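Notes to accompany the following structure.
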Amino acid sequence: MKITCPLCSSAADLFQEHRGTIFYRCNSCGSVFRDPENDLSPAEEKKRYDLHHNDPTDPDYREYVSPIITAITERFKPGDRGLDFGSGPGAIVSTLLREKGYDAASYDPFFDDNRELLSRSYDYIACSEVIEHFRSPAREFSLLRSRLNPGGALYCLTRLYDETINFSEWFYKNDPTHRFFYSREALEWIKDKFSFSKLEIDERLIILFA
């Protein structure tokens with residue numbers, strides 16, 4: 001069966017098999033993704049998230065997401081409208097922003113599924129450890145881009161894949177809810193495909209400007 005990349009729709013080849021899970025690598029954008037046949041059902045995925053201990057009061061967790069908070073507050077004002085997309089049970093990004101007086105709503109398909117929020121427009125959208133979970137990354141990035149106001153920005157925290165990484169030993173792939181591992185080439189493709197004006201990458205922090 002021909003396998004295509006769920007982001008750019010190019011052909012993909014078998015990359016690795018690890019403990020019964022197959023991973024493919026896109027021949028065009030260089031991203032690596034989990035075989036959909038090995039994917040969790042939505043109910044199984046929800047059970048995995050219920051095991052996470054994402055406590056907004058945990059100092060280590062607050063420090064972990066601090067790059068995205070700092071980047072947003074450096075560019076936007078408290079009166080600008082923001083969305084914490086894929087906020088999870090703790091909604092830490094919107095919680096920390098609201099602590100600073102920011103207008104940040106939270107949306108999560110499992111824990112806060114208020115889809116009316118997805119019909120609004122925003123000055124900034126935050127996806128903290130979210131985009132690697134996308135089942136259909138092209139569709140999700142299209143949605144996120146459509147919700148940004150002119151001059152807005154999309155902030156993502158994730159870990160990128162490149163060839164310096166020993167994938168078989170890479171901890172990030174071991175979470176079964178992590179489906180898609182982006183390369184820098186994939187982010188450039190997203191920038192061009194969805195008409196973002198600029199891309200910035202600073203280790204785990206990715207910023208796409210509308």
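Side notes on the structure shown:
- Cα gyration tensor, segment 45-114 - rounded (a/c under 1.5), prolate or oblate: oblate
- When the charge dipole of segment 1-122 is built from unit charges on Cβ atoms (+1 for Lys and Arg, -1 for Asp and Glu) and taken about the Cα centre, the candidate among Ala71, Ser10, Tyr102 whose Cα reaches farthest toward its positive end is Ser10.
- Relative contact order (percent, whole number), segment 40-209, Cα cutoff 8 Å, 6+ residue spacing: 19 percent
- Exposure proxy order (Cβ contacts within 10 Å, fewest to most) of Ile125, Ile206, Ile3: Ile3, Ile206, Ile125
- Here the Gaussian network model covers the chain, with springs between Cα atoms less than 10 Å apart; of Leu117, Leu148, Leu187, Leu117 fluctuates the most.
- For the options Ser183, Ser142, Ser94, a Gaussian network treatment of the chain with springs between C-alpha atoms closer than 10 Å singles out Ser142 as fluctuating the most.
- For Glu17 and Asn149, the FRET efficiency from 1/(1 + (r/R0)^6), where r spans their Cβ atoms and R0 equals 35 Å, is about 0.20.
- The antiparallel fraction among DSSP beta bridges confined to segment 40-209 stands at about 45%.
- Fluctuation leader among Gly152, Gly82, Gly90 - the chain, Gaussian network, Cα springs under 10 angstrom: Gly90
- Projected-area mean, segment 40-209, by convex hull of Cα positions, square nanometres: 9.8 nm²
- Of Lys2/Lys173; Lys100/Lys173; Lys46/Lys191; Lys2/Lys47; Lys2/Lys46, those spanning more than 26 Å from alpha-carbon to alpha-carbon: Lys100/Lys173; Lys46/Lys191; Lys2/Lys47; Lys2/Lys46
- Size of charge dipole - the chain - debye, nearest 20, with Cβ of Lys, Arg +1 and Asp, Glu -1, no other charges: 620 debye
Values in this text are rule-based calculations from the coordinates and carry no lab data. Worth saying up front: this structure is predicted, and the values here are computed from it rather than measured. In this analysis, Cβ positions are derived from the backbone assuming ideal geometry, glycine residues included, and neighbour counts consider all displayed protein chains.
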